[in-house]
Amino acid sequence: MNRQELRKNRKVRSRVRTKGSSSRPRLTVFRSNKHIFAQIIDDEKGITLAQTSSLKVKSKGKKVDIATEVGEEIAKEAKAKKVTKVVLDRSGYKYHGRVKALADGARKGGLQF
């Protein structure tokens, strides 16, 4: 198996346990080679409540620092929608590097998970 197939298997296993609700929506992360994306999704209604990415954050520097800013930005957008508690869906990515930096930035911005 290659890396993409292994990530897909991890994603399927984690999504069984990770469900978003109206009271506690799902914060999902997608990571590409250049950018990182975050969305807050209510799975019961099937709608996206907030979204942001490194494309919106006009910052230069290391990818980890940019991911932290994306986390802070998604927390700010979530607070505007009156969302304070979320469930982290790392989409099969390991919890280190940019994914961890985004989660730490979201916690710093006021989200609880």
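The values are calculated or read from the model by the stated rules, or taken from the named source; none is laboratory data. Given the structure is predicted, the values throughout are model-derived calculations rather than measurements. Glycine gets a Cβ as well: all are built from the backbone with ideal geometry, and neighbour counts include every protein chain shown.
Values for this structure:
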quantity	calculated
Selected residue (criterion: farthest from THR28 (Cα to Cα)) from residues of segment 86-103 that are among the basic types (Lys, Arg) and at pLDDT below 95	LYS94
Residues being small (Gly, Ala, Ser) and either crowded, with 16+ Cβ neighbours inside 10 Å or in contact with a Leu (Cβ under 6 Å, 6 or more places away or on another chain) (or both) - total across segment 21-54	4
Residues (part of a helix (DSSP H, G or I) and within 11 Å of PRO25 (Cβ to Cβ)) located in segment 40-80	ALA78
Boolean, LEU88 is aliphatic (A, V, I, L, M) and in contact with a Gly (Cβ under 6 Å, 6 or more places away or on another chain)	no
Filtered residues of segment 8-24 (kept if outside any helix (DSSP H, G or I) and either farther than 21 Å from ILE47 by Cβ or touching a residue at least 40 places away in the same chain (Cβ under 8 Å) (or both))	THR18, LYS19, GLY20, SER23, ARG24
Segment 70-87, subset of a type in the set (A, V, I, L, M, F, W, C) and crowded, with 19+ Cβ neighbours inside 10 Å, residue nearest to LYS19 (Cα to Cα)	VAL86
Any chance LEU27 is under 16 Å from PHE113 (Cβ atoms) and outside any loop (DSSP other than H, G, I, E, B)	yes
Test set (1) farther than 20 Å from GLY92 by Cβ; (2) among the hydroxyl-bearing types (Ser, Thr, Tyr); (3) surrounded by 15 or more Cβ atoms within 10 Å (Cβ to Cβ); (4) modelled with pLDDT under 90 - THR18 fails condition number	(1)
All positions within segment 3-43 that are among the acidic types (Asp, Glu) and within 17 Å of THR84 (Cα to Cα)	ASP42, ASP43
First in segment 57-76 and within 10 Å of HIS35 (Cα to Cα), second anywhere and of a type in the set (Lys, Arg), Cβ under 7 Å, 6 or more apart	LYS63/ARG98; ALA67/ARG98
Test: residue in segment 93-102 that is touching a Ser or Thr at 6+ places or on another chain (Cβ under 8 Å), assigned to a loop (DSSP other than H, G, I, E, B) and either surrounded by 14 or more Cβ atoms within 10 Å (Cβ to Cβ) or not aromatic (Phe, Trp, Tyr) (or both)	no
